[in-house]
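Enquirer: Here it is, the structure, as C-alpha cells.
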Amino acid sequence: MALHKGQGRGEDERRLPVSPLHVLTDPLGSMQLAPPLHRLPRVPIPPPVAYQLIHDELMLDGNARLNLATFVTTQMDEHADRLMAECRDKNMIDKDEYPQTAELERRCVAILADLWHAPDPAAAVGCSTTGSSEACMLAGMALKRRWTARNADRYAAGARPNLVMGVNVQVCWEKFCNFWEVEARLVPMEGERFHLSAEEAVARCDENTIGVVGILGSTFDGSYEPIAEICAALDAFQERTGLDVPVHVDGASGGMVAPFLDPELKWDFRLPRVASINASGHKYGLVYPGVGWALWRDGEALPEELVFKVNYLGGEMPTFALNFSRPGAEVVAQYYAFLRLGFGGYHAIQQACRDVAEYLAAEIAKCGPFRLITKGDQLPVFAFTTVDGCPFDVFDVSRRLRERGWQVPAYTFPEGRTDLAVLRVVCRNGFSRDLADLLLADLRRLLPELERQPAPLSELGMPQRSGFHH
Ligand SMILES: Cc1ncc(COP(=O)(O)O)c(C=O)c1O
C-alpha cells in the first residue's frame, strides 16, 4: 500500500530492541535505547546502531535478482554504481548548477530520437522523467491540450475528451484519465485477443478522442500491440470522417527492446501518426529505478504552453515535468549505459534475455500441465496458465515457488478474460540461462506434489493472493 495511515497511540508503544552487540561503547547501556517505531526517537542514536537495525529488517525483503515479477533493472556494474554515488547529491532541476548533467540528459534525448527514427532528430523534443508513469502523464497531457485547442468551443460547452486503449494498459493510464478528467475508453480482451486491435480501437474513436495509446509491449503478457495496423486504421478513419487522431506509443519496456531486436518492425516515429513515445530507462534501458523518457516527434506535438522555463546559465531552459526536484544520478547512469554498451551491447543483452525467455517458455510448455499465453518472442516476457482439469492453479504454483525464493506473480486477466489467471516471467539482464535452469528444476520438483493436491487451494477455501507487480 502506497498510502499509509498514521499509527494510533497504542501502536506507538512498539519499539526496536537494540542488541548489545550493535555498539562498541557502553553495550549494555545501548539496550536501553529501544527507539520507537512510529515516532521520532527523542535523541539521536549512533549511526552503526541505526544502520544495523534497518539492515536487519530489510533482510525480510525478497532477493531482487530472483524477482521475476519486476521489469525494473536489478543489476548494473560497479562503474555505474560509482557514477551514481558521485551524482547522488545532484538535483536534476538545477540546470544552472549542474549544466553537465543537463547536457547528458540532452544527449540521451538525442540518442532516443535517433533510435526511434524521429524524422528530424533535431526537431524532436523530449525529457527525462522519474519513470514511464510520469512520462505517460506528460504525453497524455499534451494529447489533451492539443485536442482542447482544436475543440475549445465544444470543450467549453461540456464535451468530454476520451482516450482509447486496451484494458491491458498499465495502471498509469487509468491514473492519467482519473487525474486529468479524461474518459478512459478501455477495449476489453476477447477470446485469445489479449490486447488492443486496430479494429476495436477505431470503433471507439469519435470527435472527442484525444488519442489512442498503443503498448509495446503489454504488461500482462509481453505481447506487442499492432501499432502500425492501429495507425493505418486511423488513417482510413481520418479519410472517412476527417478526424485526425494521434497515437501515443507506451514503449515502457519495448521502446528499449524493439530497436535492437526487431529493427524491421515499424512502431515508432517512422509512422507519421505516432506523436509521442515513452520508455522506462529503468526497465530494459538497463538503469536502476527511477528514470523514464518522453519524446514528441516535433514541437507541434508538444503544446508550447505546457513547457516551463527554468534558469540555466543565466539563460532559460525549457522543462516539462510533474515534479521539481529529482535525482540526477539515474540520468547520468542512463548516459553511462548508452555510452558503455552502444547499439551492439544493448542488442547482445536484449537478445540474451529473449533467448532465455523463449527457452524457458518452451521448457515450461513441455512440463505438461501448462499452456503458454505468450512465448517470450516479443518482450522477453511470457505468461502461462494451467491446463483444464489440473488439481492446482497458478496461485498454487506461485506460492510454492516462493518457498524457494522465486517471485513469479500470478494474477487474473482484466475485463473480457477475468476467467483466465496466469503466471508471468520477466527475463531481465542478469537472469541467466543458468538461473532459468535452476527455476525449471525447482518447478519440475514441485509438480509431483502439486499434482497430488485434491484441488486448487483457492477451491478449498484458501484465498487467492494476486501478486501483480511491475
Ligand atoms: C506498459 C507500461 N507502461 C507504463 C508502466 C509504468 O512504468 P514505471 O514503472 O516506469 O512508472 C509500466 C510498468 O510496468 C508498463 O509496463
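Enquirer: Ranked highest first by average number of other Cβ atoms within 10 Å, how do 216-225, 391-400, 167-176, 448-457 line up?
Expert: Sorting 216-225, 391-400, 167-176, 448-457 by mean packing, highest first, produces 216-225, 391-400, 167-176, 448-457.
Enquirer: Additional query: Can you give the convex hull volume of the alpha carbon atoms of the stretch 79-337 per residue, in Å³?
Expert: For the stretch 79-337, the hull spanned by Cα atoms encloses 124 Å³ per residue.
Enquirer: Find which of Leu196, Ala436, His347 sits farthest along the positive direction of the dipole of the chain, computed with +1 on the beta-carbon of Lys and Arg, -1 on that of Asp and Glu, about the Cα centre.
Expert: Ala436
Enquirer: Go ahead and run the numbers for FRET between Val387 and Asn63, Cβ-Cβ distance against an R0 of 35 Å, rounding to 0.05.
Expert: 0.70
Enquirer: For the chain, what does -39500 (n - 2.57) per DSSP helix run (n ≥ 4), summed and divided by total residues, give at 222 nm, in deg cm²/dmol to the nearest 500?
Expert: Computed mean residue ellipticity for the chain: -11000 deg cm²/dmol.
Enquirer: On a straight-distance basis, which lysines could pair with Lys309 in a cross-link, Cα separation under 26 angstrom, same-chain partners fewer than 8 positions away excluded?
Expert: Lys90, Lys95, Lys144
Enquirer: Which GluC sites (Glu not before Pro) from the stretch 262-351 combine a DSSP loop assignment with at most 11 other Cβ atoms within 10 Å?
Expert: In loop regions of the stretch 262-351 (DSSP not H, G, I, E or B), the sparsely surrounded GluC sites (Glu not before Pro) are Glu264.
Enquirer: Output the Cα-based Rg and Dmax of the stretch 301-387 in Å, rounding Rg to one decimal and Dmax to a whole number.
Expert: 21.6, 67
Enquirer: Counting other Cβ atoms within 10 Å, keep those with at most 16, restrict to DSSP loop, and tell me which trypsin sites (Lys or Arg not before Pro) in the stretch 199-270 are left.
Expert: Of the trypsin sites (Lys or Arg not before Pro), the ones in loops of the stretch 199-270 whose Cβ has at most 16 other Cβ atoms within 10 Å are Arg204, Lys266, Arg270.
Enquirer: Name the aspartates and glutamates eligible as straight-distance cross-link partners of Lys266: C-alpha to C-alpha under 19 Å, and not fewer than 8 places from it in the same chain.
Expert: Partners within reach: Asp114, Asp120, Glu199, Glu225, Glu229, Asp235, Asp250, Asp298, Asp377.
Enquirer: If I model a spin label at Asp355 and Arg240 as a point 7 Å from the Cα along the Cα→Cβ vector, what separation in nanometres do I get?
Expert: The answer from the label model is 4.6 nm.
Enquirer: Follow-up question, since we're still on this one. Between Lys366 and Arg150, what length in nm is gained on full extension when 0.36 nm per residue of separation is reduced by their alpha carbon distance?
Expert: Additional length available on full extension: 72.3 nm.
Enquirer: Quickly work out the Ser432-to-Asp114 label distance, labels modelled 7 Å from Cα along the C-beta direction, and quote it in nm with one decimal.
Expert: Roughly 3.2 nm, to one decimal.
Enquirer: Also, I was wondering about something else. State, to one decimal in nm², a quarter of the convex hull surface area for the C-alpha atoms of the chain, i.e. the direction-averaged projected area.
Expert: 27.6
Enquirer: Viscosity 1.002 mPa s, temperature 20 °C: give me the Stokes-Einstein translational D for the stretch 344-403 in µm²/s, with Rh taken as the Kirkwood radius over C-alpha pairs.
Expert: Taking Rh from Cα pairs, D becomes 170 µm²/s.
Enquirer: Now for a different question. Straight-line reach from Lys375: which lysines have Cα under 19 Å away, leaving out those fewer than 8 places along the same chain?
Expert: Hits, sequence-local ones excluded: Lys366.
Enquirer: Would you work out which of Cys367, Ala152, His117 lies farthest towards the positive end of the dipole of the chain? Charges go on Cβ: Lys and Arg +1, Asp and Glu -1.
Expert: The Cα lying farthest towards the positive end belongs to Cys367.
Enquirer: Determine one quarter of the surface area of the Cα convex hull of the stretch 350-460, which equals its mean projected area, and express it in nm² to one decimal.
Expert: Projected over every direction and averaged, the Cα hull of the stretch 350-460 covers 6.9 nm².
Read-outs throughout are calculated quantities, based only on the coordinates presented, and are distinct from any laboratory measurement. In this text, all values refer to a predicted model and were calculated from it rather than measured experimentally. Neighbour counts are summed over all protein chains in view; Cβ atoms, including those assigned to glycine, are modelled from backbone coordinates with ideal geometry.
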